[in-house]
Amino acid sequence: MQNVLEKKGIMNIDFNCDLAQTYGIYKNSTEYDLLDYVSSVNIACGFHAGDPLAIKEALLAAKNKNVVIGAHIGYHDIEGFGYRPMDLDEDELDALVMYQVGALMTFAKAYHLEIEHVRPHGAMYRKAMEDIETSRIIVRAVKKCSKWLVYYGAAGENLARVGAEENIQVAHEIHLEKIYDESGNIIFTARDLENTNISIQRLKDLLHNSRVTNNVGGKTEIEADTIHFSNKLSNVKELIVQANDVIKPLPYNYKKAMKSGWVE
């Protein structure tokens, strides 16, 4: 592993948040507060959340703000909001992913928009991080919809491995409020940190040294392409405003274009 002192800092990074996290009479009144501070959004596709009108409104809001659009896929679990684990076989998971991604792609085309990435939600996100075979099934289904889509997932070795094996672009995602272990994996059972000052210091450390604080007080090197800002956090608006003062976010594909020399 490369020495921490030799690790290059991060010059460009994407900020993402979720939209259409509503269903029927259950509305999220704060999710649009983050739109001015992100470079990409993940729009729920009607399974864990999102009804047709909420999805339409989210697409048009993203278009108005000129931010990158992604499909936020999850288990069909409205009551549990997609946070309850589900044991699906390969065919079921494949069809579930294709159904959601395909639906949002078609919806977006009606408004002359394209989606650029896919991000799992809740229990699906966690299982994809912990079980590489689940991640493979999701990625293969995503590629059936479009080989150009970027797969957003929890940063780590499994994400890098599935990206290389399946020849798909992956975006390593970091959470400023999550607790990480020494291997750089999220400890989902740990309580989220909701201290803005500490999270901003974590952001600065990530950008300068490509590392996160782990649960034993040390630092773990990590890949980082995007940072997720969750509306569940009580301090999310304050956090994302201050994060924008530290660095202005850029979409994942823009970052890749800069590296390739297409953008100067």
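The values are calculated or read from the model by the stated rules, or taken from the named source; none is laboratory data. What you are looking at is a predicted structure, and each value in this text was computed from that prediction instead of being measured. Methodologically, a virtual Cβ is constructed for each residue, glycine included, from the backbone with ideal geometry; neighbour enumeration extends over all protein chains shown. When the accessible area is computed, the model is the full protein with side chains, heavy atoms only, and any ligands, DNA or RNA have been set aside. Shrake-Rupley method; radii C 1.70, N 1.55, O 1.52, S 1.80 Å.
When region 179-192 is filtered for residues that are free of Cβ contacts under 8 Å to residues at least 60 places away in the same chain, open to solvent by 20 Å² or more (accessible area, probe 1.4 Å) and within 18 Å of the chain's Cα centre (by Cα), the ones remaining, listed by number, are Ile179, Asn185, Ile187, Asp192. Looking across region 38-88, the residues that are under 18 Å from Met129 (Cα atoms), of a type outside the set (Gly, Ala, Ser) and modelled with pLDDT under 95 come down to Tyr75, Tyr83, Arg84, Pro85, Met86, Asp87, Leu88.
The set of residues from region 164-178 being touching a residue at least 24 places away in the same chain (Cβ under 8 Å), surrounded by fewer than 18 Cβ atoms within 10 Å (Cβ to Cβ) and within 18 Å of Asp225 (Cα to Cα) comprises just one member, Gln169.
Here region 14-31 is the region considered, the condition is being in contact with a strand residue (DSSP E or B) (Cβ under 9 Å, 6 or more places away or on another chain) and polar (S, T, N, Q), and the residue that is modelled with the highest pLDDT is Asn16.
Among the residues making up region 201-227, a single one is open to solvent by less than 10 Å² (accessible area, probe 1.4 Å), part of a strand (DSSP E or B) and not polar (S, T, N, Q): Ile227.
Which residues, taken from region 104-121, are outside any loop (DSSP other than H, G, I, E, B) and either of a type in the set (Ser, Thr, Tyr) or open to solvent by 20 Å² or more (accessible area, probe 1.4 Å) (or both)? Steps first, answer last, please.
Within region 104-121, the first condition is being outside any loop (DSSP other than H, G, I, E, B), and the residues that meet it are 104-109, 115-120.
Answer for region 104-121, where residues must be outside any loop (DSSP other than H, G, I, E, B) and either of a type in the set (Ser, Thr, Tyr) or open to solvent by 20 Å² or more (accessible area, probe 1.4 Å) (or both): Met105, Thr106, Phe107, Lys109, Glu116.
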